[in-house]
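Visitor: The structure follows.
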Amino acid sequence: MLAESLALSAVLFTIGVVGVLVRRNAIIIFMCVELMLNAVNLTFVAFSRYYGAEGQVFVVFVMTVAAAEAAVGLAIIISIFRHQQSINLQNINLLKG
Amino acid sequence: MEQHYPLFYTFNFYFFGVVSIASALAFVTRKSPVAAALWLVNTMFSLAALFVMLDAQFIGVMQVLVYAGAIMVVFLFVVMLLNLGHPSEIADTRGKWPAFAAVVIGIAMLSMIMTISRGRIAGELQVPSGFAAQQLGKYGAIGTVARPLFNEYLLAFELTSVLLLVAIAGAVVLGRRREADAR
């Protein structure tokens, strides 16, 4: 089941990347990043069957980082919304030359 | 290395794989953030089922509790807080060219990852076949993860708690309403 898991993980990761590139809603882009992290977790778990349980330990770490990232990122989104009244990334262009 | 799997196992594996891909596609294409979040929860549940089938029961439970339970609830909470539940009236997707570029990049990445995953695993790195099931029988589902976590990776584990503390402080500082804004 290793090859199938890797293929599934590749497909899910690609869907996440395409979502990040195509969507303009900041929250949905964030959720696409979560989907990409999930795809990588699947790779770790699939390999942990053949290389020992360390892969599962890394999945625990990835989940912790994802939780921290979601907390900080959503706080940033809230404070952007306070200034712009919108979370459409098209309107956030202060750094555009 | 490839052992024989019962038909029931194979069927369930493919079933949950197809469900997760279909939900991920539905998630990316939904206009409403709430619908998208619920489809993503569906993807995470089927991934949890796959984790359990891949001998990682503890990770499957964590997936349901932490990802589908906690993180997605935070997302939905922010959607509710900012009153963003309605699909936006302006187009939510970027123009034609970024979408085209995204499809090209997606196909390129997919072919690249498929090529890499066809590569052979170095034999000396592999644990013997059935090692995961044996560990599971010896230490239990939680012990399999907990033993390396609290032996080799103890320092990283402790640093993770610092990371969480920093994240909490950062979220509070960023989300706080400043005195100047309150007026």
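Visitor: Might you let me know whether the range B:76-96 holds any residue that is part of a helix (DSSP H, G or I), more than 9 Å from chain A (Cβ to nearest Cβ) and modelled with pLDDT of 85 or more?
Guide: Yes.
Visitor: Do we find that B:Tyr14 is under 24 Å from A:Thr64 (Cα atoms) and either at the interface with another protein chain (Cβ under 8 Å from one of its Cβ atoms) or of a type in the set (A, V, I, L, M, F, W, C) (or both) in this structure?
Guide: Answer is no for this residue.
Visitor: Another question, if that's okay. Would you be able to say whether some residue in the range A:68-80 is more than 7 Å from chain B (Cβ to nearest Cβ), hydroxyl-bearing (Ser, Thr, Tyr), under 19 Å from B:Leu81 (Cα atoms) and surrounded by fewer than 20 Cβ atoms within 10 Å (Cβ to Cβ)?
Guide: No, the conditions are met nowhere in the range A:68-80.
Visitor: While we're on this one: Looking only at the range B:127-152, count how many residues are among the polar types (S, T, N, Q) and surrounded by fewer than 15 Cβ atoms within 10 Å (Cβ to Cβ).
Guide: Matching residues across the range B:127-152 total 3.
Visitor: Please specify each residue of the range A:20-47 satisfying the condition of being under 19 Å from B:Val74 (Cβ atoms) and of a type in the set (Gly, Ala, Ser).
Guide: Residue satisfying the conditions is A:Ala26 alone.
Visitor: If you don't mind, another one. Among the residues of the range B:160-183, count how many are more than 9 Å from chain A (Cβ to nearest Cβ) and surrounded by 13 or more Cβ atoms within 10 Å (Cβ to Cβ).
Guide: 0
Visitor: Now, a different point. Here are some conditions: (1) in contact (Cβ under 8 Å) with a residue 24 or more places away in the chain; (2) surrounded by fewer than 20 Cβ atoms within 10 Å (Cβ to Cβ); (3) at the interface with another protein chain (Cβ under 7 Å from one of its Cβ atoms). A:Val40 meets all but one. Which one does it not meet?
Guide: Exception for A:Val40: condition (3).
Visitor: Then there's this: Among (1) surrounded by 17 or more Cβ atoms within 10 Å (Cβ to Cβ); (2) without any contact (Cβ under 8 Å) to a residue 60 or more places away in the chain, where does A:Asn25 come up short?
Guide: Condition (2) is where A:Asn25 drops out.
Visitor: Still on this structure: State whether the residues of the range B:22-42 include one that is in contact with a helix residue (DSSP H, G or I) (Cβ under 8 Å, 6 or more places away or on another chain), under 19 Å from A:Met1 (Cβ atoms) and in a helix (DSSP H, G or I).
Guide: no
Visitor: Next question, about the same structure. May I ask you to list pairs of residues, at least six apart or on different chains, whose Cβ atoms are under 7 Å apart, with the first in the range B:11-22 being within 16 Å of B:Ala37 (Cα to Cα) and the second being among the small types (Gly, Ala, Ser)?
Guide: B:Val19/B:Ser46; B:Ser20/B:Ser46
Visitor: While we're here: If you scan the range A:43-64, which residues turn out to be more than 7 Å from chain B (Cβ to nearest Cβ) and farther than 16 Å from B:Ile142 by Cβ?
Guide: A:Thr43, A:Phe44, A:Phe47, A:Phe58, A:Val62
Visitor: Residues that are surrounded by 15 or more Cβ atoms within 10 Å (Cβ to Cβ), within 24 Å of A:Ile76 (Cβ to Cβ) and within 14 Å of the chain's Cα centre (by Cα): does the range B:6-24 have at least one?
Guide: No, the range B:6-24 contains no residue that is surrounded by 15 or more Cβ atoms within 10 Å (Cβ to Cβ), within 24 Å of A:Ile76 (Cβ to Cβ) and within 14 Å of the chain's Cα centre (by Cα).
Here's the yes/no breakdown for (1) under 29 Å from A:Met1 (Cβ atoms); (2) without any contact (Cβ under 8 Å) to a residue 24 or more places away in the chain; (3) more than 20 Å from the chain's Cα centre (by Cα):
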{"residue": "A:Ile29", "(1), (2), (3)": "no, no, no"}
{"residue": "A:Gly55", "(1), (2), (3)": "yes, yes, no"}
{"residue": "A:Phe61", "(1), (2), (3)": "yes, yes, no"}
{"residue": "A:Ala66", "(1), (2), (3)": "yes, no, no"}
{"residue": "A:Gly73", "(1), (2), (3)": "no, no, no"}
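Visitor: Test each condition in (1) within 10 Å of chain A (Cβ to nearest Cβ); (2) in a helix (DSSP H, G or I); (3) at pLDDT 85 or above for B:Asp55 and report the one that comes out false.
Guide: With respect to (1) within 10 Å of chain A (Cβ to nearest Cβ); (2) in a helix (DSSP H, G or I); (3) at pLDDT 85 or above, B:Asp55 is out only on (2).
The values are calculated or read from the model by the stated rules, or taken from the named source; none is laboratory data. Bear in mind the structure is a predicted one, so any value in this text is a computation, not a measurement. Neighbour counts are summed over all protein chains in view; Cβ atoms, including those assigned to glycine, are modelled from backbone coordinates with ideal geometry.
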